[in-house]
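A short worksheet on the structure shown next.
The values are calculated or read from the model by the stated rules, or taken from the named source; none is laboratory data. Note that the structure is predicted; figures quoted are calculated from it, not measured. Note that each Cβ is placed from the backbone with ideal geometry, even for glycine, and that neighbours are counted across all protein chains shown.
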Amino acid sequence: MSSGEVPAGERFDWYADIISREVMPTALSSERPADFQGEAAVLDLGELRVAKFDLSPLRSRRTPAMIRRGDPEQYQLALLRQGATSMSQHRNECTVGPGDLMLWDTSRPSDNAMRAGTGRVRATVLMLPRTVMPLRSQRLDQLLARRIPGDRGMAAILASFMTSLDEVHGSPFEPEASRRLGSAAVDLVAACLAQHLDSESRLPSEVRAQALLQRINAFIEHNLGDPELNPSAIAARHSISVRSLHQLFRDQEESVQARIRRRRLEQCRAELARPGLGAHRVHAIAARWGFSGPVVFSRSFREAYGLSPTEFRALSVKESCTEG
């Protein structure tokens, strides 16, 4: 939804009404309602939803009376993308900036002030039913309205995952794919919050396994260019045995070695198709993404795409010239 389709003088009231009716009863206020602009989109992922917001600064308050009028009984976790916001809830207060995460409970009173300087506030919010969280509410209360830095540990992986969800809004999903994404989101949120509570051992084994898998996949992405990246190195880095690593990938669509090879090939393919990198030699691109030699790279590339790297580059250049 977008306020751009509403007359300027009515936009703030329209947005406030939509949020109170479609999300939950909330008192919104703005210092400059006549200049307000707001956009929001929601993606359903099975039991949970992910929303992205792009709006002018405003203040949002939930009072006990509003909670009695309507409560989705959710934990909502936001990744701030732009601007700043201050939240108070359950005797806690915090201010977060771009890249930070913040949790709140729709069943408790709250006060949230969003600021953006000269721009707008942008955020991605996971809306998680209380019933899907594997951590006790008494424990989670400690994290309400607390700044969670999104640049380290499980929080960094969760922030990256939420960013990827933000980018696929509007894309069609099969129900099963949506369910898997929703399940992955719950597992990552639980692992992130448990890490900040020092209670990871209290998570169900399935949740811990999925969180570890996400950490390993993130590690692979950040180390594709290392020619020594292999199952032994990955297992050692994560303090597990190689056998345990292979068991972790047993129910995945590909083995850990196959994932490494596929992601390296995809990165090489993207660079070979880029006109601005035409002066870079094929073997240099392959080496940059961790391939041990040109022969291995050429054979793997042909097996994956049906063309040699040189043939693929030539075809990409030809298609680029045709489109131009």
Given the condition assigned to a helix (DSSP H, G or I) and at pLDDT below 90, answer yes or no: does some residue in the range 34-51 qualify? yes
Of everything in the range 2-33 that's loosely packed, with under 15 Cβ neighbours inside 10 Å and under 17 Å from residue 122 (Cβ atoms), which residue is modelled with the lowest pLDDT? 4
Find the residue count for the range 66-117, including only residues that are buried (at least 18 other Cβ atoms within 10 Å of the Cβ), in contact with a helix residue (DSSP H, G or I) (Cβ under 8 Å, 6 or more places away or on another chain) and touching a residue at least 40 places away in the same chain (Cβ under 8 Å). 8
So for the range 259-268 (the condition being touching a residue at least 24 places away in the same chain (Cβ under 8 Å), outside the structural domain of residue 317 (by TED's automatic domain parsing) and over 30 Å from residue 317 (Cα atoms)), does at least one residue qualify? no
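Within the range 7-18, count every residue that is without any contact (Cβ under 8 Å) to a residue 24 or more places away in the chain and closer than 13 Å to residue 55 by Cβ.
Looking only at that region, the number is 3.
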Qualifying position, being farther than 19 Å from residue 161 by Cα and touching a Pro at 6+ places or on another chain (Cβ under 9 Å), among 204, 231: 204
Please go through the range 21-52 and pick out each residue that is without any contact (Cβ under 8 Å) to a residue 24 or more places away in the chain and under 30 Å from residue 185 (Cα atoms). 21, 22, 42
In a helix (DSSP H, G or I) and not assigned by TED's automatic domain parsing to the domain that holds residue 152: does that describe residue 208? yes
